[in-house]
Amino acid sequence: MAALKRNMPMNGLMDRVFGSEADHAVVKDYTSLLEQQAVMYQAMLAEQDAKICETQAVVRAREAVVRERETVVREREAEINALRAGRDAPGRITPPPGGDLADCIRAVLPQLEGWCSLQKALWLAELVTKMSGTRIGEIGVYGGKSLIPMALAARNRPGAMVYAIEPWSNSVAVEQATSGDNDQWWREVDLNKVKLGFISAVMDCGLAGVVKLIELPSDEARCAFQAMRGYRFDLLHIDGSHAEGQALADVKDWLPLMAPDGILVLDDIGWETVTKARDYLCAACDVIGEVSEGSGVSYGAYRTRQAPALAEKPEAWATLLSEVLA
Ligand SMILES: C[S@@+](CC[C@H](N)C(=O)[O-])C[C@H]1O[C@@H](n2cnc3c(N)ncnc32)[C@H](O)[C@@H]1O
């Protein structure tokens, strides 16, 4: 076109017909701008596509978890139904209608497996009713004889949660020795059946929304709670292994997971193998009360102390240090 334009005398007319060189430069710049924009939009689209793929993968993973949980729930329901249909079925628990907590505990307790007396069950329920806070736990649940009274009291408290920490495992139960007869009994008891009786009782009493099952030995459960930084219990009932070492470890290791002014309840404080755990609590906490019902039933409640904040109360720490070093 340049050659044609050179031979033509009427440059102005040709420019109007074919466009000037300046017009061409503008068109070229504009085209390259559009091309750059197109590249940019394509990159943005690719980024959005990648994000959509990522979100879809997360949704798929969550769907898989939900499906897995649904399978576990179905399996448990099938196990319970099979047990109910069988000869050794745990009986259906029928809490009485009406709202009186003590009456409900009186009616339900004889139907649960375990060792908690009526006096202790009512005492635990009263602690739950009167305590401040909503985070409750029990180490050593067995058939729920002490946990279910606490959960019946907790369900009236908005936001309350009762963690049931129990492996229902014969090998864990005898990992540390207590006495020959006791260990033999724990080696043989059908803990799977006891577990199903507990789950069945939780459902019959309408406590599924309040009770959370942690099917682990206490040491492993503690690590899980420690990972939830800042989680603190307001009330913890320790009634797991009564072997000297494990009972002491349960008290020592779970104490830092208690809220200040929280309540720790220790069972069987009259047992020789539980003495060290009890002494540790008496030294580290304020004793609320210790009960001996006779016929070997004994337990105590201990209030955790407020830890002085280091930055705010240096003099408190100095006192504490001098006590420790004395
Ligand atoms: C005395 S029974 C609990 C009784 C129940 N709290 C009641 O009042 O009926 C002790 C329970 O602790 C459980 N246990 C034993 N070793 C444990 C451990 N290391 N961690 C958690 N629970 C354990 C046993 O399986 C058993 O069910």
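Please treat every number below as a calculation from the coordinates, not as lab data. All figures in this text were calculated on a predicted structure; none of them were measured in a lab. Cβ atoms come from the backbone with ideal geometry, glycine included; neighbour counts cover every protein chain shown.
Summary of computed values
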{"item": "Percent antiparallel among DSSP beta bridges (both partners in region 101-303, rounded to 5)", "result": "40"}
{"item": "Separation in nanometres of the label points that stand 7 Å from Cα toward Cβ, at LEU216 and ASP261", "result": "3.0"}
{"item": "Between region 119-185 and region 264-290, the alpha-carbon center distance in angstrom", "result": "16"}
{"item": "Column: log10 I(q)/I(0), Debye, Cα scatterers of region 149-265, q = 0.12, 0.20 Å⁻¹", "result": "-0.49, -1.25"}
{"item": "In range of the label at GLU113: residues from region 209-228 whose backbone nitrogen is under 15 Å from the point 7 Å along Cα→Cβ", "result": "none"}
{"item": "Most to least packed among 99-105, 39-45, 249-255, 217-223 [average Cβ atoms within 10 Å]", "result": "249-255, 217-223, 99-105, 39-45"}
{"item": "Calculated log₁₀ intensity ratio I(q)/I(0) where the Debye formula runs over C-alpha points of region 21-89, q = 0.14, 0.22, 0.29 Å⁻¹", "result": "-0.70, -0.92, -1.08"}
{"item": "At 0.692 mPa s and 37 °C, Stokes D of region 101-303 from Kirkwood alpha-carbon radius, µm² per second", "result": "195"}
{"item": "Highest average packing first - 145-157, 48-60, Cβ atoms within 10 Å", "result": "145-157, 48-60"}
